[in-house]
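Chemist: Once you've had a glance at the structure underneath, I'll fire off some questions.
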């Protein structure tokens, strides 16, 4: 129904953004990868997926067509709905998903929340013939999602920073041996430079 929505970002939450387009605020669920490219008051183009169910209507959107294409592809897999698809795209980039499918690497896919070996195997089996090897792009890394990082992100958001601003920094950090407090201090230091 919707191909894309262009508008001003008026709110950023953990799982969605609100985009104002001609006085209408659209709640658009999006991935953590897309959230990294979004800032409050910025004009943004979101490539859309319209989801209609008995319990309501939801909009899912992404900052790149590549991410939307991968989302649509994941929805073709039996028993994968929009929320699971979004979880996968919040953990892995479209390129990492394609590589995992082409290499039969279910271990990579299992990093996404709610994805076990059976589901990962089903993704590989059902999508392998749909992946175009010529369509691969440079790997940009996995979006980290540990408890310490999540707590730090929430703490920093309470100080007025957007999730996108914070993720741009945390995704470039090695947070393996860092506590929540250390992560917050380092992010604040980098934000102030």
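Chemist: Compute the length gained on full extension between residue 177 and residue 39: take 0.36 nm times their separation in residues and subtract their Cα-Cα distance, giving the result in nm to one decimal. The partial results should precede the final answer.
Modeler: Working: separation 138, 0.36 × 138 = 49.68 nm, distance 2.87 nm.
Here the segment from residue 177 to residue 39 would lengthen by 46.8 nm.
Chemist: Counting only helical runs of four or more DSSP H residues, what would the 222 nm mean residue ellipticity of the chain come to if each run contributes -39,500 (n - 2.57) and the total is spread over all its residues?
Modeler: Value at 222 nm, helices only, nearest 500: -11500 deg cm²/dmol.
Chemist: Normalised by the residues of the chain, what does the relative contact order come to in percent, with Cα pairs under 8 Å and at least six apart?
Modeler: Over the chain, the number comes to 17 percent.
Chemist: When the chain is fully extended, how far beyond the present Cα-Cα distance does residue 11 get from residue 79, taking 0.36 nm per residue of separation?
Modeler: The span from residue 11 to residue 79 would gain 21.4 nm if fully extended.
Chemist: Sticking with this one: By what distance, in whole Å, do the Cα atoms of the range 4-62 stretch along each of the three principal axes, largest value first?
Modeler: Per principal axis, max minus min of the Cα coordinates gives 33, 26, 18 Å.
Chemist: Expected output is a single nm value to one decimal: the length gained when fully extending between residue 3 and residue 118, i.e. 0.36 nm times separation in residues minus the C-alpha distance. What is it?
Modeler: That pair, residue 3 and residue 118, stretches by 38.2 nm at full extension.
Chemist: Taking every pair of alpha-carbon atoms in the chain, what share in percent sits in each 5 Å bin, from 0 to the bin with the longest distance?
Modeler: Cα pair-distance distribution for the chain, in percent: 1, 8, 16, 18, 18, 16, 13, 7, 2, 0.
Chemist: Quick one: Debye curve from the alpha-carbon atoms of the range 147-191 only, equal weights, vacuum; give me log10 I(q)/I(0) at q = 0.22 Å⁻¹ to two decimals.
Modeler: -0.62
Chemist: Could you calculate, for the range 79-123, the ratio of the Cα radius of gyration to the Kirkwood radius, expressed as Rg to Rh?
Modeler: Across the range 79-123, the Cα-based Rg/Rh ratio is 0.91.
Chemist: Between residue 159 and residue 128, take the C-beta separation as r, use R0 = 30 Å, and let me know the FRET efficiency to the nearest 0.05.
Modeler: For residue 159 and residue 128, the calculated efficiency is 0.10.
Chemist: Right, next: FRET efficiency for residue 102 and residue 65, Cβ-Cβ distance as r, R0 = 25 Å, nearest 0.05?
Modeler: In this case the efficiency is close to 0.75.
Only the coordinates and a few stated rules stand behind these numbers; no lab work does. Quick caveat: nothing in here was measured; it's all calculated off a predicted structure. Glycine also receives a Cβ, built like all others from the backbone with ideal geometry; neighbour counts cover every protein chain displayed.
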